[in-house]
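Okay, structure first, notes after.
Values in this text are rule-based calculations from the coordinates and carry no lab data. Predicted model, so just to flag it, every value in this text is computed and none were measured. With ideal geometry, Cβ positions are generated from the backbone for all residues, glycine too; neighbour counts draw on all protein chains shown.
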Amino acid sequence: MAQALRAIRRDDRLAAARHTLATALLGTVFLAVQGFEWVRLVEHGLTLSSGTYGGIFYVLIGCHGLHVLVAVAWLLVVTALARNGGFTAERHAALETCALYWYLVCGLWAFLFPLVYLS
């Protein structure tokens, strides 16, 4: 995402589009890994109703997953806008805002992961 911002500040719209698409793809990989993890945990007996930890785990990680899904959708829209000339070096507030949201979602994971996986 940082590379996309650097690219648009150089007025390189295609590079910005490539980097936002790469970020969206990485977000999609994250969601897929989390989905596989959920299936594995359910197979081992950890469900939403299996106790306090299960409930807290699925609510926290589920909300985070929903936020990642929203970020991926937003990144795909920003990618299309960047590819079609929607941003310039002087006018790219939507890309900046998307980047801030993406950084927030990633930053939350730095707190959620140790909270639910290492505790």
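In nm, to one decimal, how far is the N84 label point from the E43 one, both placed 7 Å along Cα→Cβ?
4.2
For F30, F57, what's the fewest-to-most ordering of other Cβ within 10 Å of each Cβ?
Listing F30, F57 from fewest to most nearby Cβ atoms yields F30, F57.
How compact is the chain by the rule of thumb for globular proteins, expressed as Cα Rg over 2.2 N^0.38 Å?
1.25
Ranking H44, H92, H64 by Cβ neighbours within 10 Å, fewest first, what do you get?
H44, H64, H92
Not counting the cut sites, what is the longest span of the chain without trypsin sites (Lys or Arg not before Pro) that DSSP labels loop and that have at most 11 other Cβ atoms within 10 Å?
11-90
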